[in-house]
2 protein chains.
Amino acid sequence: MANNQNAELLDKARLLRHDIRDGSFTGYTSGLVPGLVQGNVVILPKVWAEDFLLYCYLNPVSCPLISMSKPGDAMVPALGADIDIRTDIPQYNVFKDGELVEQVTDIEQYWSDDMVSFVLGCSFSFEEALLRAGLSIRNIDLDRNVSMFETNIATAPSAKFFGNTVVTMRPFKPADAIRAIQITTRLPKAHGAPIHIGMPNKIGIEDLAKPEYGDSVPVNDDEIPVFWACGVTPQVAIRNAKPPLCITHVPGKMLVTDKLNDELAVL
Amino acid sequence: MANNQNAELLDKARLLRHDIRDGSFTGYTSGLVPGLVQGNVVILPKVWAEDFLLYCYLNPVSCPLISMSKPGDAMVPALGADIDIRTDIPQYNVFKDGELVEQVTDIEQYWSDDMVSFVLGCSFSFEEALLRAGLSIRNIDLDRNVSMFETNIATAPSAKFFGNTVVTMRPFKPADAIRAIQITTRLPKAHGAPIHIGMPNKIGIEDLAKPEYGDSVPVNDDEIPVFWACGVTPQVAIRNAKPPLCITHVPGKMLVTDKLNDELAVL
């Protein structure tokens with residue numbers, strides 16, 4: 001976790017979570033409090049949580065688990081002393097039987113002693129590492145959400161959880177693509193290295209201009225599209241598994257933690 | 001250097017160098033004694049050696065220096081106790097005033113107290129690492145020399161040494177290309193990570209089927225061409241610098257050393 005030398009970062013994160021908690025901030029968290037880990041969130045009833053844990057274990061690149069709560073425990077002390085998973089995400093997707101039924105800014109009405117929360121690493125951590133290394137990220141430059149695509153790459157199923165891998169796409173010139181592969185390799189808990197480069201049709205993407213999630217981001221003629229596994233992958237698996245209740249963050253509106261991105265680095 | 005646990009490897013290397021020394025082996029060294037470093041060789045008169053040393057320093061990816069001799073010292077003890085640089089390479093290119101004038105199997109007639117030898121790391125070291133990681137290398141599968149191309153990427157000049165970077169090309173499917181970038185990043189003294197992927201025309205290569213050096217190696221539709229800096233780069237700089245005398249190995253016919261490839265790895 002961040003230490004005293006990161007006090008300013010921690011203050012920023014606490015203030016942001018406060019604004020999120022009281023409903024005054026409900027937006028996208030990309031670029032907010034750079035240096036700190038942001039997380040994908042999945043909340044499930046206990047009876048579904050064990051199968052989902054196995055799903056994460058079997059698909060560590062799409063689903064890099066960084067925290068799992070005990071049933072009914074809404075706090076996430078490993079990621080920040082004050083974090084309350086019921087209120088500290090700008091906006092939540094509520095799924096019933098696999099269908100998105102509601103988007104809300106807190107989930108206290110849905111919480112019970114039966115609920116288990118999972119936090120998964122997120123590409124925002126490696127975006128910060130890429131920026132720090134001097135690379136430009138098109139979706140950030142254009143102030144858009146990253147493009148996300150459902151691929152034809154099947155995940156390993158666990159009980160009722162199954163589905164194809166969702167990827168994010170960022171375009172880079174070849175030398176920067178090589179650099180991006182090196183940098184993100186260091187961050188396996190933030191999806192790690194890309195899983196594909198250069199040939200979208202080979203992974204079932206027909207039109208780069210038409211992402212399934214997020215915004216369209218142009219790829220120039222001298223650029224290669226680079227694809228990373230994405231934390232939206234489990235949302236596809238949840239739609240397929242159809243648990244009676246499941247709550248996730250809204251893509252792009254993440255849990256901001258007190259953990260340093262550099263803490264996720266293996267090298 | 002290799003230790004007792006690598007005795008078998010060292011025996012193989014010594015026997016191969018013996019066959020090379022007595023002229024009974026004059027062929028390509030790719031795939032011979034896997035596990036041991038093979039080197040590019042450049043031999044220059046002392047007065048040219050200082051400028052060439054700076055050229056290597058300025059262009060460490062093309063010219064990863066692993067040994068430099070004192071003037072007139074034909075031995076290379078850092079790379080193998082018995083190595084005599086005058087006899088232990090299968091075939092030498094002899095350049096006079098930048099022109100290739102002869103190919104010989106020993107250079108005793110050209111040697112003098114004035115000559116300085118340089119040994120540079122070679123892509124054969126990372127090819128072994130790629131094979132060990134389960135990747136297939138097309139030029140090896142086809143028993144051909146790797147394709148080499150002169151690019152439009154200028155090296156940093158040193159005195160009269162200048163020229164464009166020469167690259168080797170190996171085709172990989174996208175996921176293997178990512179893996180190859182990761183693996184070769186570990187080996188900066190063997191040219192390290194690729195310097196380009198995917199767009200040959202952006203680095204001045206018009207036709208992948210027509211390499212300037214080595215053999216043609218086909219690239220399939222589902223593959224990306226991956227380009228590494230190559231130890232033939234200094235041979236281009238030598239042609240440009242036009243020293244009165246310069247001796248190199250013949251591309252693909254390398255110095256086989258007693259150093260382990262794994263000793264070159266930084267991680």
* Asked: In a Debye calculation with equal point scatterers on the alpha-carbon sites of the protein assembly as shown and no solvent, what is log10 I(q)/I(0) at q = 0.10, 0.11 Å⁻¹?
  -> -0.83, -0.93
* Tell me the distances, shortest first, between B:ASP222 and the same position across the other copies, using label points 7 Å along Cα→Cβ, in nm to one decimal. => 3.2
* **Percentage, to the nearest whole number, of Cα pairs in the stretch B:1-118 over 17 Å apart** => 60
* To do: Evaluate the relative contact order of chain A (contact order divided by residue number), counting alpha-carbon pairs under 8 angstrom at least 6 apart; express in whole percent.
  => 31
* Free-standing Cys residues across chain B, given no other cysteine C-beta under 4.7 angstrom -> B:CYS122, B:CYS230, B:CYS246
* the stretch A:186-267 - Debye-derived log10 I(q)/I(0), Cα point model, q = 0.12, 0.16, 0.25 Å⁻¹ -> -0.51, -0.89, -1.30
* To do: Just the Kirkwood number for chain A, please: inverse of mean 1/r across all distinct Cα pairs, in Å, one decimal.
  => 18.5
* In sequence order, calculated HN-Hα J values of the stretch A:141-154 (Karplus, 6.51, -1.76, 1.60; Hz; x Gly/Pro) -> 4, 8, 6, 10, 6, 5, 6, 10, 10, 7, 9, 9, 8, 5
* Structure fact -> For A:LYS173, the lysines lying under 19 Å Cα to Cα, once residues fewer than eight places off in the same chain are dropped, come out as B:LYS173, B:LYS202
* Structure fact -> For B:PRO244, inter-copy label-point distances (7 Å, Cα→Cβ), nm, shortest first, read 9.4
* Structure fact -> Residues whose built amide H sits under 5 Å from the amide H of B:VAL37, excluding neighbours closer than 5 in sequence, are B:THR257, B:LYS259, B:LEU260, B:ASN261
* Identify all lysines with a Cα-Cα distance to B:LYS160 below 24 Å; exclude those on the same chain that are fewer than 8 residues away in sequence. => B:LYS46, B:LYS70, B:LYS96, B:LYS242
* Within-13-Å neighbourhood charge of A:LEU15 [Cβ basis; K, R +1; D, E -1] -> -3
* Between copies, how far apart are the B:VAL47 label points? List them in nm, one decimal, shortest first, with each point 7 Å from Cα toward Cβ, please? => 9.1
* To do: Take B:LEU131, A:LEU260 and order them by how many other Cβ atoms sit within 10 Å, fewest up front.
  => B:LEU131, A:LEU260
* Of all the Cα-Cα pairs you can form in the stretch A:124-233, what percent are over 17 Å apart? -> 51
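No lab work stands behind these numbers, since they all come straight from the coordinates. For clarity, every value in this text was computed on a predicted model and none was experimentally measured. Glycine also receives a Cβ, built like all others from the backbone with ideal geometry; neighbour counts cover every protein chain displayed.
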